[in-house]
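Novice: If you scroll down you'll find the structure; I have some questions about it.
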Amino acid sequence: MENKIISRIIRETGNTSLFKTLTEDLSSSDFQSLLLEVYKKRTDALSASQVFKQYCSSRFVPPVQYPAEAMLQLEQYVYSIRPEGFEAIELSPVGPLGNCSVVATVSQNKVLSASRNLELVADATNMMALEAAKRRKGQGSKATVKLCTSHRHIRTQQLASPEHSAHFKIFCAVTAGRDEGAFSFELRELQEHLSYHIGILSHPAFGFNPQQIEIRLTRLNQHLSQALIIEQLINPLQDIHEGVLFKFDPERETGRGYYQCLCFKINVSIPGKGEFEFGDGGFTNWTQQYLGNKKERFLISALGTEIILNITGAFR
């Protein structure tokens, strides 16, 4: 579809080198200067009524449908129970251009690109990967970095589900460190992340009982045995969170190529409403790419706090 649109623009303008000039010939700074002037000229021609019309029609700009106090209460709880060592940070609403598509298997077309070599944050874990790599580089390889945040994301793909919108809040946590051998770092840190998310879902306002929560694990590294996962990850978690169901999901298709070693989903069954995927996470190689070191380990996890509020009506 995009190639057809570009072909039409080239055909209608008669400028056969237009696309090449914009994407290859101009330097980054010249391209940004061009964009700034283009946007200035376009906004100079806009009227107030046109801006209002855009506000009423765009799916990217409506406010959320639940009370702001509800998310505030949930965020206060989420931060209050965070494990020792996790630093809660507030991210910028923008990140470097390509912070998702360059290191992960994400199309730039799903990201709301901006001028000045920036883009709106589509995934907070990608931004925290940059921050974690920066801290790891500055503090030395022995420093484990643990960060968490609640952030409003914006993505451009069309979503059919009425529970989803173009912009939404997600709670994210990341841990960056170094390989310790025998998957000890991976299993220990994943246990902490999963326990944290289960603790969030156990808030009485949601009304979930442990039997409604299911953790689905997928091995992506065959050297990591299922027996070791059971011994060092599942059994300790079951001792802490009795009743929560843990299962292996070898048929999972999404996330392969995105995650490495081990990934998971968190599903919750709600009587009368169905089963919902509220959480997702796993290990990525993003800090390996940023720091040029195969020994780097980076775990990301996320919980869809906004969709949980929308479905449960909690804190209203």
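Novice: Sort out which residues of segment 275-287 are open to solvent by less than 30 Å² (accessible area, probe 1.4 Å) and within 24 Å of Leu224 (Cα to Cα), and write them in order of number.
Specialist: Passing the criteria: Gly279, Gly281, Gly282, Phe283, Thr284, Trp286, Thr287.
Yes/no matrix, rows are residues, columns are (1) polar (S, T, N, Q); (2) open to solvent by 40 Å² or more (accessible area, probe 1.4 Å); (3) within 22 Å of Phe206 (Cβ to Cβ):
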position	(1), (2), (3)
Gln226	yes, yes, no
Gln289	yes, yes, no
Lys295	no, yes, no
Leu299	no, no, no
Ala302	no, no, yes
Leu309	no, no, yes
Gly313	no, no, yes
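Novice: How many of the residues making up segment 131-155 are open to solvent by less than 20 Å² (accessible area, probe 1.4 Å), in contact (Cβ under 8 Å) with a residue 60 or more places away in the chain and not hydrophobic (A, V, I, L, M, F, W, C)?
Specialist: 4
Novice: Exactly one of (1) assigned to a helix (DSSP H, G or I); (2) under 30 Å from His203 (Cβ atoms) is unmet by Ile9. Its number?
Specialist: Single failed check for Ile9: (2).
Novice: Looking at segment 242-274, which of its residues are open to solvent by less than 90 Å² (accessible area, probe 1.4 Å) and charged (D, E, K, R)?
Specialist: Lys247, Asp249, Arg252, Lys265 - these are the residues of segment 242-274 that are open to solvent by less than 90 Å² (accessible area, probe 1.4 Å) and charged (D, E, K, R).
Novice: What number of residues in segment 109-125 are open to solvent by 50 Å² or more (accessible area, probe 1.4 Å) and without any contact (Cβ under 8 Å) to a residue 60 or more places away in the chain?
Specialist: The number of residues fulfilling the criteria is 5.
Novice: Quick check on this structure: which one of Phe206, Phe171, Phe185 is modelled with pLDDT of 95 or more and farther than 24 Å from Ala132 by Cβ?
Specialist: Just one listed residue meets the conditions, Phe206.
Novice: Six or more apart or on different chains, Cβ atoms under 6 Å: show the pairs whose first residue is in segment 181-197 and aliphatic (A, V, I, L, M) and whose second is open to solvent by 30 Å² or more (accessible area, probe 1.4 Å).
Specialist: Leu187/Gln232
Novice: Can you confirm whether segment 185-208 contains a residue that is in a strand (DSSP E or B) and open to solvent by 30 Å² or more (accessible area, probe 1.4 Å)?
Specialist: No, the conditions are met nowhere in segment 185-208.
Novice: Counting just the residues of segment 48-69 that are in a loop (DSSP other than H, G, I, E, B) and exposed (fewer than 11 other Cβ atoms within 10 Å of the Cβ), which one comes out modelled with the lowest pLDDT?
Specialist: Here the answer is Gln65.
Novice: For segment 183-221, enumerate the residues that are under 20 Å from Tyr259 (Cα atoms) and of a type in the set (A, V, I, L, M).
Specialist: Matches in segment 183-221: Leu187, Leu190, Leu194, Ile215, Leu217, Leu220.
Novice: Please identify the pairs in which a residue from segment 247-259 that is acidic (Asp, Glu) has its Cβ atom under 6 Å from the Cβ atom of a residue that is modelled with pLDDT of 95 or more and surrounded by 12 or more Cβ atoms within 10 Å (Cβ to Cβ), counting only partners at least 6 apart or on another chain.
Specialist: Listed pairs, sorted by first residue: Asp249/Arg216; Asp249/Thr218.
Novice: Let me ask something else about it. From Val38, Val106, grab the single residue that is part of a helix (DSSP H, G or I), open to solvent by less than 90 Å² (accessible area, probe 1.4 Å) and either closer than 30 Å to Gly257 by Cα or among the aliphatic types (A, V, I, L, M) (or both).
Specialist: Residue meeting the stated conditions: Val38.
Novice: I'm trying to understand the selection: among the residues of segment 181-207, which are farther than 18 Å from Ser301 by Cβ and either among the polar types (S, T, N, Q) or in contact with a strand residue (DSSP E or B) (Cβ under 8 Å, 6 or more places away or on another chain) (or both)?
Specialist: Ser184
Novice: Failed condition for Ala143, given (1) more than 23 Å from Thr254 (Cβ to Cβ); (2) under 14 Å from the mean Cα position of the chain (by Cα); (3) assigned to a loop (DSSP other than H, G, I, E, B), with all others met?
Specialist: Ala143 satisfies all of (1) more than 23 Å from Thr254 (Cβ to Cβ); (2) under 14 Å from the mean Cα position of the chain (by Cα); (3) assigned to a loop (DSSP other than H, G, I, E, B) except (2).
The values are calculated or read from the model by the stated rules, or taken from the named source; none is laboratory data. Everything quoted here is computed from the prediction, not taken from an experiment. Glycine gets a Cβ as well: all are built from the backbone with ideal geometry, and neighbour counts include every protein chain shown. In case anyone asks, the SASA skips ligands and DNA or RNA and just uses the protein heavy atoms, side chains included. Shrake-Rupley method; radii C 1.70, N 1.55, O 1.52, S 1.80 Å.
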